[in-house]
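**Student:** There's a structure below that I have some questions on.
Derivation of every value follows stated rules applied to the coordinates shown; laboratory data play no part. Quick caveat: nothing in here was measured; it's all calculated off a predicted structure. With ideal geometry, Cβ positions are generated from the backbone for all residues, glycine too; neighbour counts draw on all protein chains shown.
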Amino acid sequence: MAASKFKEMFLTEAAEHLQKMVDILVQLDSDPEDREGIDALFREAHSIKGMAATMEHHQMAKLAHHLEDRLDDCRQLGRISGVEIDRLLDAADVLELLLDDIRNEQPERSVESFIATLPKTIEAEVDTGEGEKSVDLAVNGCGQLIELRLRETVAAPEARFLVLLKRLADFGTILESTPSADDLMQGGCSNQLLVRLDSDMAQDEIHRELLKYTELQEVSFPDNAEKEKAKRPEKGTKDKTVRVSTELLDHFINLTGELITNRNQLQNILKERNWKELEDGIGQLARLVKNLHHQVLQVRMVSLEGLAGRLSRTVHDLSRRHGKEIIFQVDGADIELDRAIVEELTAPLVHMVRNAVDHGIEQSGTISVKAWRERAQVLVQVADDGRGMDAEKIRQQALEKGLLNAVQAKTIRDYDLFQLICQPGFSTATGMGETSGRGVGMDVVKTAVEQVGGILLIDSIPGEGTKITLKLPLSLAIIRVLIVECDGTRMAMPITRVVQSVEIAPDEVQSSGKQLMVHYQDEMLPMLSLRKILKLPQGAPLDPIPLVITELMGRKVGLVVDRLVGQREVFVQRLPAPFDQIRGCSGGTILGDGEIVFLLDLQSLFERRREK
Amino acid sequence: MKQLLPFKVGYETYALELVEVQEVVEDQMIHPFPGSPNVVAGAIGFHGRIVPVLDLARLLGFPTGKMGQRLIVLVNRRGPVALGVDQVRAIISVEINQTSQIDDDAERKYIHEVINWGGEMVSLFDLDQLQVNLESLCNQGGG
C-alpha cells in the first residue's frame, strides 16, 4: 500500500518536472543566453535524478545524471545552442518513455544506446539552422511515408526529385517532404527524399508507378505508426491523480460539518413534527448542496497551462523541421476547464496548431492561442497570420463534391462555407491542403469539440490568416440544456448548440418547392420537423409554431418541436456501453420527478442518414 | 449446482444464471429515447442511474404486444442493462449434468444450453452473444 502510494507520488511529480523541463527548453530556444533558464533546467534535471535514484529507477537516474552534466557545461558556457535544445528535448521524450515503463511496471528500457548517440562534449556550437536533420520527416501525421533513393550516378538529383514530387502529386496530396520543394530548388540536397503522401492509391500501386523511373535505386515505405509510437508517447488519460489545495480540503470539511448540523436539524424537525421549520431546514440543505457541488467542480478544474506547453513544443518541433520562423503566443493559459474537457481537446488542439504551421504560415509568422471566459463558456482560439483560406476555391470544391447545389453555392455565406472544410469528405479532397491552406483532419477536430458539447467557428481572410474558435462548456457533467417536447416525450439539447428558441405564426412559413422555409433575421432557414427526424407520427397543426434555431451540418436550420419547455441545468450521464454508440442520443439526465430526459444529438442522426 | 432465474418471453421459457442478475423490477416507467434501434425499448432510472431496457420479445422475434411486465436488471458488469420479459418465475436449482449443450442453430438465437426441468424445456439465455449483437446493433443505429 505504502509503496504504491510512493510510486503514484513519484510518477506525478516526475511528470511535472519533465513538463517544466520541456517548457523551459522551448523558451530557451528564443533566448539561448538566459542564465536563469539554464539554471532552472539544471535544477529540474537534478530533481528528477534525485527522485529516480531514491526510487531505484536506475536507468532514469542515469539519463537524468547525464543531462545534469550536459547542462552544467551549458552553464559554464553561459548559453545553450539550438542543436543542444533539440537533443535535450529528445532526451525528455526518452525520460517520458521511462516513466511509462515504470507506470506499467515493466523493466526500464536501457538508456545506454541513447546516451551514446549524444556527442560527449558541448562545444559552443553555432546554430546552423535548417538542414541540420537532413532526413527526418514529421513522424506524426496522417498519410503514408515514402522513401526514395536515387542511384549514386544520377546527375542533378534535385531536378529529378522535383519531377518525382510532381508525379507523386498526381497520386494524391503531398502533405510534406524532406527536403521540401523549395529546398530542392535551391539545390545542394542529398540523393534521398522522404515524402508524406495522402493518397487513396494502394501502396504497391504507387510502388509500381515509381519503379518506372530508372534513376531510382530504391523505393520503400517506412512504417508510420511504428515510428510515431516510438518517438512521442501519447499523453492523455493516464494521470489519474489530482492535486487538491489544502484550502479546498478545508472547505470540504467545513461543508461536511454544516451538512451534519443540517441533518440533525431535519431529524429534530421530524421528531417534533415541527413542520414550520421544515422549509427553513430544506432551504439550508439546498444551499449546502449547491455549495458542495460548486466545490467539487472546482476540484475537477485544471488550467490550460500543461496544454499550452504541449502546443509550444509542437510549434517548436514543426517549425524547426520545416525551417519556418514562427512566433508562438499564448494568452489566458490560466483559464480553467473541467479536466475531462481538457483531455478530450488536447489532440484536436495539437492538430489545429499543426495545421496552422503546415498550411497557414508560409515562411514566417505568428500563431497565437488565446483562451478567455464568456459567461458560462470558455472560448479557445487558434489564430495565425498566414495565407488564409480562399472562399472561392472552397465553393468550387464543394460544388464538385456535391456538398452544395448551384443555388446554395451562390447564397451560402463565407462563414457557413468554411464550416464545410470540417466535412469528412472534404478534407481528403485532392490538393485541398495546398489550395485552402487548411483541411486535413478538421472533421476529427469538429467531432471531438462537439462530443464535449462545444461548437467550432472558422473565420478566415485570404492573405490575413485564419482564426478557429472553440466555444466550450466549463464542465462536462453539468450543462445547461433547452428542454423541448415532441410526441409527449421531453428531450434536451445542450444550450451551446442552440442559437435561439422562438415561436412563429403559421403564416410566416413559406415554401420553396418541397422545403418549408422561415424568415429568421436576414436569412431564409429551412424548417425541419423533429417528429419527422425521429420517425414519430405526425402531430396536430401548431399555432404558434415553436422553433429551435440550431446548426446542422454547418448550416442554420429551424427545428419544429411540439413545445418549448424551458432551460435548466442538468447532470448528464453517458449511457452505458454499447448504448453510448447509438446515434441521435448523447446521454441522458434524470429530472427531479424521476422522468428521464435524453440529450438529442441531431448532428449524428443526420450524419447517419447521409452515410446511408 | 447452478441457481437459475427462469422467465417467459412469448411462448418460450428461458433462464439466466442468478449470478448475472442484479434485481428484478416491475411497474417501472420506461422512457423511450431518440434514435434507438427498435429492440431498445427505452431506459429506466435505476438507483439514480440510467439503465437501457431491451425488448426481449422483439429481439427474439416473438410477436410483440404488451412488453415488459417485468424487467430483469443485469449485473453492472453487463452494462448495466435491463431485459424486458413477460413473466418471471421462481428460482430453480439444477445440476450441471441436467443441461445439454446445443449446436449453433440459426433458428434458436441466444441459447447455449437447454435444460429439461421436470419435463419442461428451459433454454439458458446466452448473454455473451447478446452483448456482441448489441454492439453491432448500436453501431449501425436504429431506425
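**Student:** Taking H as built 1.01 Å from N, whose amide H comes closer than 5 Å to the amide H of A:Leu552, not counting residues under 5 places away?
**Tutor:** A:Val557
**Student:** Once the Cβ-Cβ distance between A:Asp522 and A:Leu210 is put in as r, and R0 is 56 Å, what FRET efficiency do you end up with, to the nearest 0.05? Write out the running numbers ahead of the final one.
**Tutor:** On the way: r = 54 Å, r/R0 = 0.96.
Here the calculated transfer efficiency is 0.55.
**Student:** If I model a spin label at A:Lys410 and A:Leu248 as a point 7 Å from the Cα along the Cα→Cβ vector, what separation in nanometres do I get?
**Tutor:** Taking the two extended label points, one gets 5.7 nm.
**Student:** May I pose another question? Checking the a/c ratio against 1.5 first, then a/b against b/c, what shape does the Cα gyration tensor give for the range A:2-117?
**Tutor:** Note, shape of the range A:2-117 comes out prolate.
**Student:** Tell me, how many Å apart are the Cα centres for the range A:371-417 and for the range A:532-574?
**Tutor:** That distance is 25 Å.
**Student:** According to the square roots a ≥ b ≥ c of the eigenvalues of the Cα gyration tensor, what is the shape class of chain A, taking rounded for a/c under 1.5, prolate for a/b larger than b/c otherwise, and oblate for the remainder?
**Tutor:** Oblate, since a/c reaches 1.5 and b/c is not below a/b.
**Student:** Now for a different question. Is there a quick way to get the dipole size of chain A? I mean about its Cα centre, with the Cβ of Lys and Arg at +1 and of Asp and Glu at -1; what is the value in debye to the nearest 20?
**Tutor:** Here the size comes out at about 2140 debye.
**Student:** With the Cα gyration tensor of the range B:2-140 giving a ≥ b ≥ c as the square roots of its eigenvalues, does the rule (a/c under 1.5 for rounded; else a/b larger than b/c for prolate; else oblate) give rounded, prolate or oblate?
**Tutor:** Here the range B:2-140 falls in the prolate category.
**Student:** So what J values fall out for the range A:15-27 if you push phi through Karplus, 6.51 cos²θ - 1.76 cosθ + 1.60 with θ = phi - 60°, rounded to Hz, Gly and Pro as x?
**Tutor:** Computed from phi, the couplings for the range A:15-27 are 4, 5, 4, 5, 4, 4, 4, 5, 4, 5, 4, 5, 5 Hz.
**Student:** Moving on. Using modelled backbone amide H atoms (1.01 Å from N, in-plane), which distant-in-sequence or interchain residues come within less than 5 Å of A:Tyr520's amide H?
**Tutor:** Result for A:Tyr520 returns A:Leu525.
**Student:** Determine the dipole magnitude for the range A:482-612: charges of +1 sit on the beta-carbon of Lys and Arg, -1 on that of Asp and Glu, nothing else is charged, the reference point is the Cα centre, and the result goes in debye to the nearest 20. Show your work: numbers first, answer last.
**Tutor:** Numbers: 16 positive and 17 negative charges, 130 e Å.
Approximately 620 debye in magnitude.
**Student:** With unit charges on the beta carbons (Lys and Arg positive, Asp and Glu negative) and the dipole taken about the Cα centre of the range A:304-473, which residue among A:Thr469, A:Val357, A:Gly441 sits farthest to the positive side?
**Tutor:** About the Cα centre, the residue reaching furthest to the positive side is A:Gly441.
**Student:** Here is a further query. Strictly over 18 Å apart at the Cα level, which of A:Lys20/A:Lys49; A:Lys401/A:Lys467; A:Lys324/A:Lys467 would you flag in this model?
**Tutor:** A:Lys401/A:Lys467; A:Lys324/A:Lys467
**Student:** I need the phi-derived Karplus couplings for the range A:363-379: 6.51 cos²θ - 1.76 cosθ + 1.60, θ = phi - 60°, integer Hz, Gly and Pro marked x.
**Tutor:** 10, 9, x, 10, 10, 10, 10, 10, 10, 8, 9, 9, 6, 8, 10, 10, 10
**Student:** May I pose another question? If you take the charge dipole of the protein assembly as shown about its Cα centre, with +1 on Lys and Arg Cβ and -1 on Asp and Glu Cβ, which of A:Pro107, A:Gly332, B:Ser136 is farthest toward its positive end?
**Tutor:** Farthest towards the positive pole: B:Ser136.
**Student:** So, with +1 on the Cβ of K and R and -1 on the Cβ of D and E, and no other charges, what is the size of the charge dipole of the range A:265-416 about its Cα centre, to the nearest 20 debye?
**Tutor:** 280 debye
**Student:** Another question about this same structure. Please enumerate, by chain and number, the aspartates and glutamates with C-alpha under 18 Å from the C-alpha of A:Lys410, excluding those fewer than 8 residues away in the same chain.
**Tutor:** List returned: A:Asp390, A:Glu392, A:Glu400, A:Asp522, A:Glu523.
**Student:** Can you list the residues, at least 5 places off or on another chain, whose amide H is less than 5 Å from the amide H of A:Ser529, using H built in the peptide plane?
**Tutor:** Hits under the 5 Å cutoff: A:Val560.
**Student:** Kirkwood-based Rg over Rh for the range A:304-473 (C-alpha set), two decimals?
**Tutor:** Values: Rg = 15.7 Å, Rh = 16.2 Å.
Ratio of gyration radius to Kirkwood radius for the range A:304-473: 0.97.
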